[in-house]
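Bear in mind that the values in this text are calculations on the coordinates, not laboratory data. Remember, it's a predicted structure, so these values are computed and weren't measured experimentally. Neighbour counts run over all protein chains shown; Cβ positions are idealised from the backbone, glycine included.
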Amino acid sequence: MPISWSSVSRDGIILAEAGQDDKDGGVVKAAQKISSVKPTAGWEKVKSGKHRGLKFHLHELANTELDGNYGEENSVKILLWTFSCVYDPNELSEDYAKAFLTKIVYVTEPLRGMPWWRDGGLLSAQPSFAPTLQQQMENVEQLGQLATLNQHLSETKEIMATNIENILERGEAIEELEDQASKLDEMSKVFKTKAKQVRKFKMWQNAKHGVVVGSAITTVVGVAVIPPLIALL
């Protein structure tokens, strides 16, 4: 199979994965290597022996309410969705691997609003989504039509542009919050409250809040048990 492993994560937590290691442990090594790469607004790539690792992020803006003595303030955080795969470059080109992950982004769109996706812990979506992920891996060659490939790559560029806007917007929101805290420096009680809010805000960057309604419909795959490959290592 051209794609040896794939996973979907939220804020660094693997929600579902599918794949099989080779006899040399190369797939696991490549999966762990690509998973450790720092996220950006675009694609991340690694080489690991005969395997290649590829990863794409979706930076989703989510509103967070901070409680304080002077009322509630709406702040901004980002849910970081990660879509990864390990593939054999002798069987699959990088463009096709990118098209595969882009398809997974859209397949998961209606699911990412579900509680076990937004709030769930390690492998919380494994029973429900791993069979779908496995099926998509097995059918990756169906992306072979040039028009389909170009469409997926074009969609990815749009997501990357949105990622950059969301990252910049979050940065502006953090700066505004810090400015508000510094202006209250002479009022010790208020300052302590704001400082507590800033700490809570940073902690909530990795929290799981918000609801998003998806627009696509995912085909239900028959019940199957797909064991995780690296999540429990």
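Provide the gained length on full extension for the span Ser36 to Ser93, in nm with one decimal, where the gain is 0.36 nm per separating residue minus the Cα-Cα distance.
Fully extending the segment from Ser36 to Ser93 adds 18.3 nm.
Once the piece of chain linking Tyr106 and Val225 is laid out straight, how much longer is it, given 0.36 nm per residue of separation minus the C-alpha distance between them?
40.5 nm
Each residue of the range 117-132 in turn: what ³J(HN,Hα) in whole Hz from Karplus with 6.51, -1.76, 1.60 and θ = phi - 60°, glycine and Pro shown as x?
So the Karplus estimates, Gly and Pro as x, are 8, 7, 10, x, x, 4, 6, 5, 9, 4, x, 8, 10, 4, x, 5 Hz.
Sorted by packing (mean other beta-carbon atoms within 10 Å per residue), highest first, where do 108-119, 81-92 land?
Ranking, from highest mean packing down: 81-92, 108-119.
What nm distance separates the two modelled labels at Lys45 and Gln135, each placed 7 Å from Cα along Cα→Cβ?
Rounded to a tenth, the inter-label distance reads 3.1 nm.
So how many Lys-Lys pairs in the range 1-140 land under 21 Å Cα to Cα, not counting same-chain pairs under 8 apart?
Counting lysine pairs in the range 1-140 gives 26.
Find out how many positive minus negative residues lie around Glu44, taking Lys and Arg as positive, Asp and Glu as negative, among other residues whose Cβ is under 11 Å from that of Glu44.
Every neighbour counted, the sum reads +4.
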